[in-house]
Amino acid sequence: MSLMMACTSIAPMLAPLIGGQILWFLGWRAIFWVLAVIGVVALVAAWLRLPETLRPEYRQPLVLSSVLKRFGQLLRHRAFMGYAFTSTFQFSALLSFLSGSPFVFIERYGVAPRAYGLIFGGMVVFMTLGSLLNAKFRAGVRRRAHPALCSDRAGHRRPGGADHGPDRGALTARSACGPSCSALRRRSPPSA
């Protein structure tokens, strides 16, 4: 997930840099023309160069009732909904930052739009580095911490093996981890 976040952070880093330059040299209307050209190029490239990856024996006709049935199955799948809500909240926070930061920097602090792109690019570089570091160190931490937090007895044993009742710190960590623990215990969600 951290690697995916690092890859998806490239677009928010480049967008203000490129958008600020287009705004400076060509005006705000040109931004929409550039986006339209990029969209057409992406559509043509996908149409011509992106083959179907689903094997023919698994392909089904596009029928609205079957699509709605599969979406219903996904909405009832707890692991899928856990991951979907987590991603939704994560990207909501990211988009709130993306939409609010230009007003803060440009209007509140008086930063020029061209300079804002550089400042924002620097912030995204550090966010990308943080995601890459998280991906690097995630495996060891998850291997040690996650099974203890997800066990039903988390927090009930203290060093030395004595059973002294629940440890509030471990139970707090387990309650914070609870939704992801229950999602990880279940099998993979069905695909749409």
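Since every read-out is calculated from the coordinates, none of them should be taken as a lab result. If you're wondering where the values come from, they're calculated on a predicted model, not measured in any experiment. Positions of Cβ are generated from backbone atoms using ideal geometry, with glycine treated the same way; all protein chains shown enter the neighbour counts.
When peptides 43-50, 100-107, 114-121, 32-39 are ranked by their average number of other Cβ atoms within 10 Å per residue, the highest-first order is 114-121, 100-107, 32-39, 43-50.
With a ≥ b ≥ c taken as the square roots of the eigenvalues of the C-alpha gyration tensor of region 82-129, please select rounded if a/c is under 1.5 and otherwise prolate if a/b is larger than b/c or oblate if it is not? Here region 82-129 falls in the oblate category.
With a Förster radius of 45 Å applied to the beta-carbon distance between W28 and E57, the computed FRET efficiency rounds to 0.35. Write down the Kirkwood hydrodynamic radius of region 15-136, to one decimal in angstroms, obtained as one divided by the mean of 1/r over all alpha carbon pairs. After inverting the mean inverse Cα-Cα distance, the result is 18.8 Å.
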